[in-house]
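The values are calculated or read from the model by the stated rules, or taken from the named source; none is laboratory data. Just so it is clear, the structure is predicted and the values come from calculations on it, not from any experiment. For neighbour counting, all protein chains shown are included, and Cβ atoms are generated from backbone atoms with ideal geometry for every residue, glycine included. For the accessible areas, the whole protein counts, side chains as well, though only heavy atoms, and no ligand, DNA or RNA atoms are used. Shrake-Rupley method; radii C 1.70, N 1.55, O 1.52, S 1.80 Å.
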Amino acid sequence: MDTLQAIVIGFWVFIPALVPNPAAVLFGGGLPVDLGRTWRGKRVLGEGKTWRGLIGGVSFGASIGLLQLLLAYNYDRQGFDVFGSFPESMLLVFALALGALLGDMCGAFIKRRLGMERGAKAAGLDQYDFVLGSLLLALLVSPWWFGTTFLQGDGIISLLTILVIVPVLHRTVNIIGHRLGLKKEPW
Ligand code: CTP
Ligand code: MG
């Protein structure tokens, strides 16, 4: 595997984790996940984490992942087959999508405990909470896939690619969302 291929694979396998956050902005609203409950005087998660955002975001991310699997199935000789074989691959793309929004909710939980209001900027946490959640859940679901994809050979380049592109993509997408009037803050 060469470097360029490792970079493309890093980006490709992380698509199901990149989609849920912007999708949650589109689908979000309504009933908050924490049902309005508070803990030690602050909201558990806050109004920014809703059931519609969670379910819509995970469904959309996993659906894009399934499309990627379909591509892999039809063009496997071109090297698209990077999620492993059916049916574990389906579980994996679902885990990447779900993990992203679970990580995002953990980030919100931490922000509320630090006394930060909904939408307050938390450098580092805002960009990487979903990355950590996504990678952790993928690791739990398939340690073997995680090891061969990110830890063996040039896999570390794929992992580094994810860590480098995420803040750039996150910022770009949020600025676009803000300009389009979909998102309150440009971060
Ligand atoms: N969103 C949602 N449900 C989720 C995640 C996000 O409805 N599970 C929607 C909300 O409308 C939210 C927007 O997407 O305001 C942007 O998400 P994010 O930036 O993660 O939330 P913040 O509003 O910044 O809130 P927090 O400070 O809790 O991160
Ligand atoms: Mg935010």
So, first residue free of Cβ contacts under 8 Å to residues at least 40 places away in the same chain and open to solvent by 20 Å² or more (accessible area, probe 1.4 Å) in the stretch 126-141, second residue more than 15 Å from ligand 1 (Cβ to nearest atom) and assigned to a helix (DSSP H, G or I), Cβ within less than 6 Å, six or more apart or across chains; the pairs are 139/146
Leading residue by the ranking (farthest from the chain's Cα centre (by Cα)) among those in the stretch 12-58 that are outside any helix (DSSP H, G or I) and of a type in the set (Lys, Arg) | 40
Which listed residue is among the small types (Gly, Ala, Ser) and either over 14 Å from the mean Cα position of the chain (by Cα) or more than 24 Å from residue 33 (Cα to Cα) (or both), from 103, 177, 133, 107 = 177
Exactly one of 60, 86, 109 is open to solvent by 50 Å² or more (accessible area, probe 1.4 Å) and within 16 Å of ligand 2 (Cβ to nearest atom), and that one is 109
Taking the stretch 171-187 only, how many residues are more than 11 Å from ligand 1 (Cβ to nearest atom) and assigned to a loop (DSSP other than H, G, I, E, B)?
-> 2
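For residue 99, are the conditions met, namely being in contact (Cβ under 8 Å) with a residue 60 or more places away in the chain and assigned to a helix (DSSP H, G or I)? Quick ask: steps written out before the conclusion?
Numbers: in contact (Cβ under 8 Å) with a residue 60 or more places away in the chain: yes; assigned to a helix (DSSP H, G or I): yes.
For residue 99, the condition - in contact (Cβ under 8 Å) with a residue 60 or more places away in the chain and assigned to a helix (DSSP H, G or I) - is met.
Filtering the stretch 28-72 down to residues that are aromatic (Phe, Trp, Tyr) and closer than 26 Å to residue 138 by Cα, which residue is nearest to ligand 1 (Cβ to nearest atom)? It would help to see each step written out before you state the result.
Kept after step one, since they are aromatic (Phe, Trp, Tyr), are these residues of the stretch 28-72: 39, 51, 60.
Restricting the remaining residues to those that are closer than 26 Å to residue 138 by Cα gives 51, 60.
Details: 51: 8, 60: 12 Å.
Out of the qualifying residues, it is 51.
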Given the residues 91, 101, 96, which is the only one that is closer than 21 Å to residue 15 by Cβ, within 16 Å of ligand 2 (Cβ to nearest atom) and not aromatic (Phe, Trp, Tyr)?
-> 101
Across (1) touching a helix residue (DSSP H, G or I) at 6+ places or on another chain (Cβ under 9 Å); (2) over 28 Å from residue 178 (Cβ atoms); (3) surrounded by fewer than 19 Cβ atoms within 10 Å (Cβ to Cβ), residue 69 clears everything bar (3)
If we ask which residues in the stretch 170-186 are open to solvent by 60 Å² or more (accessible area, probe 1.4 Å) and either within 15 Å of residue 129 (Cα to Cα) or in contact with a Lys or Arg (Cβ under 7 Å, 6 or more places away or on another chain) (or both), their number turns out to be 1
Residues of the stretch 142-160 satisfying the condition of being among the hydroxyl-bearing types (Ser, Thr, Tyr) and either in a loop (DSSP other than H, G, I, E, B) or open to solvent by 50 Å² or more (accessible area, probe 1.4 Å) (or both) | 142
Are any of the residues in the stretch 174-185 under 22 Å from residue 93 (Cβ atoms) and modelled with pLDDT of 95 or more?
-> no
